[in-house]
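Novice: Sending over a structure as structure tokens; questions will come in a sec.
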Amino acid sequence: MTGLHPARERIQRTLLFALGIGALIFGGLLANGDSGWIKQVDQLRGPFGWLTVVVGIGIPVTYTLLARVIAIRPLLIIAGTTSMVFMAVELAWPWMMHEPFLANDGKPWIQGVTAVHATAAAISWPRVVGWVYPLAQGPIVALTQIQVREDSALDATLDGLGAIIFCLIVCGISIAVIAAGDRQDAAAAHAREQAALEASRNTREAEQRRINAIVHDDVMSVLLAASRPAPPESLADQARHALASVESLVSGRSESRDYDPEEFIAVVRSTAATIDPAVPVRYAVDGDAPLPAGVVAAFAEATAEALKNALGHGGPSCEPRVECDVDDESARVVISDHGAGFAASRISPRRLGIRVSILERMQAVTGGDADVSSTPGHGTTVTLVWRRA
């Protein structure tokens, strides 16, 4: 798959796989009799007889294998090219016969597989070809029969109309199913775009909260202290700290304020309570080394996203819980649940909630990392880790 249109490509592969099975069945049904390929191969010149079998049945049968092992683009090229070669074989049939008419008033056997190649054209070519190809089968079938059978004008015309109707039905179904895949791809692309916009909005809101915190905690405190009749001796240090915080906003650097372990635990607990007050939080502290503000922000955002995923996708009895451990060397937060879980191999790399908001968010800070493990029916565990450099 190219990854650009995954739903469409899955449908095209499935249709071609089914088409290969259909070609195998038609090949068996059309083998014997006066209108079968076994008797008619020798009525055609040179290698053309076997060419009709290879193009009409042999290559389409291989779709059952090719649909499983090769990329979608070459697969569609093979199917589309074969459908056009098949039409050329139909047109050349009357001029490739040894005798003017087929033996025992037989009909060209390849006219029994026109629907197979019309469907392949509808799957492989643009939509307009999917409608024109079956319409072209009517006159091709009728004119070919008129040339290779005696007194067959009425039967040939009826067979031509039947070919149009049958081919239109199978092509219409294929086109409709592929169009449904296109709509699914469009909806998925829109959802990814909306998720990206939401992530951008969350980033802006987080930055705004950071600005508000600096204004409230640093700037306002300096202004209030300076307005007192007897300013504290620490006012100069506070002012320098406030100026450094403001400068970090202008330069784009992360704020320099550190969090002690108790404050870090408070942030994690507050984050969990904001998502769902019923989420239990177990924590343990062993040490007093502070944690950088950027690390604390990464933990908070990743924890929030993990809890949202658990509550949103884990089912009503997922019972998420949070465990937090901090020491002088590292910090670790584990968010686990007993929910529905998922198969990691089936999660698209475009899932922003897991990739951006959890994995990349933690990996963006020096020493940070994250792991998401899940088993269908056995819940999910998200582990967030930061190690001091």
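The values are calculated or read from the model by the stated rules, or taken from the named source; none is laboratory data. Just so we're clear, the structure is a prediction, and the values are computed from it rather than from any experiment. Reconstructed Cβ throughout: ideal geometry from the backbone, glycine too, with neighbour counts over all protein chains shown. What goes into the accessible areas is simple: the full protein's heavy atoms, side chains included, and nothing from ligands, DNA or RNA. Shrake-Rupley method; radii C 1.70, N 1.55, O 1.52, S 1.80 Å.
Novice: What nm distance separates the two modelled labels at Arg269 and Ala153, each placed 7 Å from Cα along Cα→Cβ?
Specialist: Reported label-point gap for Arg269 and Ala153 is 9.7 nm.
Novice: Moving on to the next point. On the full set of protein chains, 1.4 Å probe, figure out the accessible area of Leu29 and give it in Å² to the nearest 10.
Specialist: We get 130 Å² for Leu29.
Novice: Length gain on complete extension for the stretch Ala226 to Phe48, per 0.36 nm per residue less the alpha carbon to alpha carbon distance?
Specialist: Numbers: separation 178, 0.36 × 178 = 64.08 nm, distance 9.97 nm.
Residue separation times 0.36 nm, minus the Cα-Cα distance, leaves 54.1 nm.
Novice: For a Förster distance of 22 Å, can you work out the FRET efficiency between the beta-carbons of Ala18 and Trp131, rounded to the nearest 0.05?
Specialist: 0.60
Novice: Then there is this: Residue separation times 0.36 nm, minus the C-alpha to C-alpha distance between Gln194 and Asn104: what's the value?
Specialist: Contour length minus Cα-Cα distance gives 25.8 nm.
Novice: On to the next question. Measure off, as a whole percent, the carbon and sulfur share of the 1.4 Å-probe accessible area of the stretch 65-194, all protein chains present.
Specialist: The computed percentage sits at 69.
Novice: Need the full-extension length gain, Ala31 to Glu262, defined as separation in residues times 0.36 nm minus the C-alpha distance. One decimal, nm.
Specialist: Extra length available between Ala31 and Glu262 comes to 75.0 nm.
Novice: Which order do peptides 101-108, 115-122 fall in by mean Cβ count within 10 Å, highest first?
Specialist: Sorting 101-108, 115-122 by mean packing, highest first, produces 115-122, 101-108.
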